[in-house]
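Report on the structure given below.
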Amino acid sequence: MPKFAFFQGQILPFEQAKVSVMTHALNYGTGCFEGIRAYWNADEGQLYILKMREHYQRFMRNWHLLCIELDYTIEEMEKWTVELLRREGYNQDTYIRPLAYKSSLVIGVRLHDLQDDLAIFAEPFGKYIEKEEGASVCVSSWRRISDTAIPPRGKITGAYVNSAFVKTEAILNGFDEAIVLNQDGHVSEGSAENLFIVREGVLITPPVSANILEGITRAVVIQLARDEMGLKTIERHIDRTELYVADEAFFCGTGVQVAAIASVDHRPVGTGRLGPVVHQLRDLYFAAVRGELPRYRCWLTPIYNK
């Protein structure tokens, strides 16, 4: 449990960061959030935030979708995040959750003419999927929400009911995770993760027009594959049956990090075990985010003064 939270303009004891049951965002899902990872480097005794600037840039773009107006700058949110983590004193991998939301105490569904607020908290966080080296996955019977309904790129709190339907269906049916199709029947993403397949040494991932999140970890994976492994990434629509004939497949995202897919709908993907491409990508990712690869130190923000 966190000890502190940034709430209503200041860092407070966590138990004081509370909202009313009448809060508009609680009743109508009128908020948006970010997920940011910080990684612990035990040898250096340092906690590194990954791509903090890019996350807050996306966060600000997304709150504009909801007509949220806040006076905080990116620099101010970065400052409060660093200070929050210093006060927490974490020495393990950590998940940071900024939340912009409609805080008015009113009944009535709308986005305009409401008060907006910002909260940030962080807590230790390890694996999102337990079987990161080979998850059992199904294709969900639910479909991904559309940009013309609730924009998936916006990380809108109410939209994640769609993800909850997808995830719970998978778990109750004995799988570790699910893949969801868009309204056109093409592969979109996981319940809350971007997705890649590997075919003949090429990475393939759905385009942003497939109602996916414009993932920051997705961009990291594409760069690592290109610069460190010499692999090309193609963004195009993926048919469901391509999942069954892929050489390898994997999820990526802030929460899930890089997680291999061992099977889809009880069909093994490739050998049904962690493949060489995903294996190398996972190693590169974790080395980069912990500050072990000097050329990617620019991605990282250190927390503790050394």
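Shape of the stretch 2-74 from its Cα gyration tensor (a ≥ b ≥ c, root eigenvalues): rounded if a/c is under 1.5, otherwise prolate when a/b > b/c, or oblate? The shape class here is oblate. One way to sum up the overall shape of the stretch 150-239 is the equivalent ellipsoid from its Cα gyration tensor, whose semi-axes run 24, 15, 12 Å, largest first. Of all accessible surface on the stretch 5-110 at a 1.4 Å probe, what whole percent is carbon and sulfur? Here it works out to 50 percent.
Based on a Kirkwood Rh over C-alpha pairs, give the Stokes-Einstein translational diffusion coefficient of the stretch 66-222 at 25 °C and viscosity 0.890 mPa s in µm²/s. Translational diffusion coefficient: 136 µm²/s. Volume per residue for the stretch 181-280 equals 90 cubic angstrom (convex hull of Cα atoms). Calculation over all alpha carbon pairs of the stretch 231-285 in 10 angstrom steps from 0 returns a P(r) of 22, 52, 25 percent.
Modelled this way, with points 7 Å down the Cα-to-C-beta line, the labels at E54 and D71 are 3.2 nm from one another.
Using 0.36 nm per residue and subtracting the Cα-Cα separation, the extra length available between A164 and E15 on full extension is 51.0 nm. Rolling a 1.4 Å probe across all protein chains gives C67 an accessible area of roughly 70 Å².
Computed extension length for R240-K306: 18.8 nm, one decimal, from 0.36 nm per residue of separation with the Cα-Cα distance subtracted. Here the stretch 73-155 has an Rg and Dmax of 18.0, 48 Å, counting Cα atoms alone. For the stretch 16-115, the residue among S103, F59, W80 whose Cα projects farthest onto the positive side of the dipole built from Cβ charges is S103. Backbone N atoms of the stretch 93-109 closer than 17 Å to the 7 Å Cα→Cβ label point of M22 belong to residues 102-109. Residues within the reach of a label modelled at E292 (point 7 angstrom out along Cα to beta-carbon, backbone nitrogen below 14 Å), restricted to the stretch 22-63, are 39-45.
Computed on protein heavy atoms with a 1.4 Å probe, the accessible areas place M229, M22 in the order M22, M229, largest first. Only Lys, Arg, Asp and Glu carry charge here, each on its Cβ (+1 for the first two, -1 for the last two); on that basis the stretch 242-306 has a dipole of about 420 debye about its Cα centre. The P(r) of the stretch 20-120 has a tail past 17 Å containing 54 percent of all C-alpha pairs.
Sorting 103-111, 172-180 by their mean Cβ neighbour count within 10 Å, with the most densely packed peptide first, gives 172-180, 103-111.
Solvent-accessible surface of the stretch 180-256, averaged per residue with a 1.4 angstrom probe and all protein chains in place: 35 square angstrom.
For W142, the accessible surface of its heavy atoms amounts to roughly 110 Å² (probe 1.4 Å, protein chains only, rounded to the nearest 10). Among the protein heavy atoms, those of Y128 account for about 90 Å² of accessible surface (1.4 Å probe, every chain in place). Extents of the chain, taken as max minus min of Cα coordinates on every principal axis and listed largest first, are 52, 50, 30 Å.
Between the residues W40, T30, A219, the greatest Cα displacement towards the positive end of the dipole of the chain, with unit charges on the Cβ of Lys, Arg, Asp and Glu, is found for T30.
Just add up the charged neighbours of G9: K/R +1, D/E -1, any other residue whose Cβ is under 14 Å from the Cβ of G9. Summing Lys/Arg as +1 and Asp/Glu as -1 gives -4.
Taking the inverse of the mean reciprocal distance over all distinct Cα pairs, the Kirkwood hydrodynamic radius of the stretch 38-77 comes to 11.9 Å.
The values are calculated or read from the model by the stated rules, or taken from the named source; none is laboratory data. Given the structure is predicted, the values throughout are model-derived calculations rather than measurements. Please note: Cβ atoms are built from the backbone with ideal geometry, for glycine as well, and neighbour counts cover all protein chains shown. SASA here: full protein model, heavy atoms, side chains in, ligands and nucleic acids out. Shrake-Rupley method; radii C 1.70, N 1.55, O 1.52, S 1.80 Å.
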